[in-house]
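Take a look at the structure below.
The values are calculated or read from the model by the stated rules, or taken from the named source; none is laboratory data. As the structure is a prediction and not an experimental result, all values here were calculated from the model. Note: ideal-geometry Cβ built from the backbone for every residue, glycine included; neighbour counts use all protein chains shown.
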Amino acid sequence: MRNLHVLIGICLVYCLVIFYHEKFILTDAMYYTSFYKKFSEQQILNMINSDKRWNIVAYLFIIPVVIIRAVFSWVCLKSGSFITERFTEAAFWKICIQAEIVFAIGAVAGLLYTEFFVDVETLEQLSINPFSLQIFTADSMPKWSSYFFNTLNIFEIGYVFVLAYLIAEETKSKVLPTLKFVASTYLPGLALWVMLVSYLSVVFQP
C-alpha cells in the first residue's frame, strides 16, 4: 500500500510539472519564436492547436512511464542479484518505486530552474537538461548524442546512490557494498539502453 501511495505521489508531481509547463512556459509566443522562420503563421497555428489536443496524452503516459522505468531498474538489480548471489532477498520492486522520487525531484528542479534562472524563448532551449552535460555540449555535438549527454546528469547519479542506500537499509548492509552492486548491475543496463536510443537516433534522424 505504501508503494502505491509513493507511486501516486510521484505521478501527481509529474502532472503538476506538465500542467505548469503547458500553461506558463510552453506558450503560443514560444511556438512563433521557434518556428516563424520555417513555417507560415497558419502552419504554426495548426501546430499549436494539434499539440493542445494531444496534451492529454502526456498525462495518460505518466503512470506507464514511471512503472516501465521502475521495471527496468528492477530487472537490472534482480538479474544482478542472481548472477552475483548477493541481496537476493531484497525487495527490489519497493526500492525501485521509492527511488523514483529522485527523478520527480529532478522534474521540479528543472521547472524551477527554467522559470526563475533562464529566459527561455524557443522550444530547443526547453529540450536541454540544465543539470546534465548536455548544457555544455548542445551547440557543438550532433543531435543523436543529445540523449547520451542528457542522461549524464546530477539526478541520475543521485538515483544510483539512493538505490544503494535503500538496498543497504533493506538488507541491513553497508552502503559501499550496495553501491558497488548497483554500479555493476544498473549502470551496465543503463549504458545498453543509452546505446540503443543513440543508435535509433542515428537511424531515424531526419
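All but one of (1) closer than 18 Å to residue 75 by Cα; (2) surrounded by 13 or more Cβ atoms within 10 Å (Cβ to Cβ) hold for residue 177, so report the exception by its number.
(1)
Per-residue answers, yes or no, for (1) of a type in the set (Phe, Trp, Tyr); (2) in contact (Cβ under 8 Å) with a residue 12 or more places away in the chain; (3) part of a loop (DSSP other than H, G, I, E, B):
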site: 81; (1), (2), (3): no, yes, no
site: 98; (1), (2), (3): no, yes, no
site: 107; (1), (2), (3): no, yes, no
site: 112; (1), (2), (3): no, no, no
site: 115; (1), (2), (3): no, yes, no
site: 124; (1), (2), (3): no, yes, no
site: 141; (1), (2), (3): no, no, yes
site: 147; (1), (2), (3): yes, yes, no
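If residue 196 satisfies all but one of (1) part of a helix (DSSP H, G or I); (2) at pLDDT below 90; (3) more than 22 Å from residue 99 (Cα to Cα); (4) not acidic (Asp, Glu), what's the number of the condition it fails?
All conditions are met except number (2).
Could we say that residue 13 is in contact (Cβ under 8 Å) with a residue 40 or more places away in the chain and closer than 24 Å to residue 106 by Cβ here?
In short, yes.
Restricting the search to segment 6-50, which residues are part of a helix (DSSP H, G or I) and of a type in the set (S, T, N, Q)?
Once the filter is applied, which keeps residues that are part of a helix (DSSP H, G or I) and of a type in the set (S, T, N, Q), segment 6-50 yields 33, 34, 42, 43, 46, 49, 50.
Within segment 157-191, how many residues are within 17 Å of the chain's Cα centre (by Cα) and more than 20 Å from residue 103 (Cα to Cα)? Write out each step before concluding.
We begin by selecting, within segment 157-191, every residue within 17 Å of the chain's Cα centre (by Cα); these are 157-163, 186-187, 189-191.
Right, trim to more than 20 Å from residue 103 (Cα to Cα) and you get none.
Total satisfying the criteria: 0.
List the residue pairs whose Cβ atoms are under 6 Å apart, where the first residue sits in segment 28-51 and is in contact (Cβ under 8 Å) with a residue 12 or more places away in the chain, the second is outside any helix (DSSP H, G or I), and the two are 6 or more positions apart or on different chains.
Matching pairs, first to second residue: 33/121; 33/122; 34/122.
Restricting segment 126-139 to residues that are farther than 22 Å from residue 19 by Cβ, among the hydrophobic types (A, V, I, L, M, F, W, C) and not in a helix (DSSP H, G or I), which is nearest to the chain's Cα centre (by Cα)?
Result: 133.
Got at least one residue in segment 156-172 being farther than 24 Å from residue 25 by Cβ, out of contact with any helix residue (DSSP H, G or I) (no Cβ under 6 Å at 6 or more places or on another chain) and among the basic types (Lys, Arg)?
yes
Of the residues in segment 53-62, how many are exposed (fewer than 12 other Cβ atoms within 10 Å of the Cβ) and in a helix (DSSP H, G or I)?
4
Among the residues of segment 1-29, what is the count of those that are crowded, with 17+ Cβ neighbours inside 10 Å and modelled with pLDDT under 80?
Result for segment 1-29: 0.
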